[in-house]
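Asks: The structure follows.
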């Protein structure tokens, strides 16, 4: 009887090992796939809004936006620094709430000014483009600014 149980145990062991090897391979393949998908560039709303443009125009708009981004980088870094200082101050032994709020307000004002610069640069650039390209950008902006519709509610079973 012993050899029979030994054969059964060996078959079960081989089956279990094959299952575990397959599961590990599946997890590795899924991880590689997810890492590959996440490695792509993440486009911001302005870049997404220009996706419908023909290639030379799209490349030119994106290059202009990159140049504007480089130009406003000092302000964005200043804003980020103010927010960091404000939140760090909150962790102190006696936080000065008024000073923290003032730094956060100053950061928001800088953020609004940066946004205005970027939007004005985009408007100025796109306004000089052909009407068809302007319509594409306008439709793209409408698409990225419209919140997604909430998923339909499942019928509740009572």
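Read-outs: derived from the displayed coordinates by stated rules, not from any lab. Note that the coordinates shown come from a computational prediction; the quantities given were computed from them, not determined experimentally. Note that each Cβ is placed from the backbone with ideal geometry, even for glycine, and that neighbours are counted across all protein chains shown.
Asks: Quick one: which helices (runs of 4 or more DSSP H) sit completely within the range 1-118 and have at least 2 residues that are in contact with a helix residue (DSSP H, G or I) (Cβ under 8 Å, 6 or more places away or on another chain) and without any contact (Cβ under 8 Å) to a residue 40 or more places away in the chain? Steps first, please.
Replies: On the way: elements: 2-38, 45-49, 55-90.
So the answer is 55-90.
Asks: Does residue 138 satisfy the criteria of being in contact (Cβ under 8 Å) with a residue 40 or more places away in the chain and within 17 Å of residue 58 (Cβ to Cβ)?
Replies: Considered against the rule, which asks whether it is in contact (Cβ under 8 Å) with a residue 40 or more places away in the chain and within 17 Å of residue 58 (Cβ to Cβ), residue 138 comes out as no.
Asks: Then there is this: Out of all the residues in the range 82-107, which are loosely packed, with under 13 Cβ neighbours inside 10 Å and closer than 27 Å to residue 47 by Cβ?
Replies: 84
Asks: Restricting to the range 119-135, name every residue that is assigned to a loop (DSSP other than H, G, I, E, B) and either in contact (Cβ under 8 Å) with a residue 24 or more places away in the chain or closer than 23 Å to residue 71 by Cβ (or both).
Replies: 128, 129
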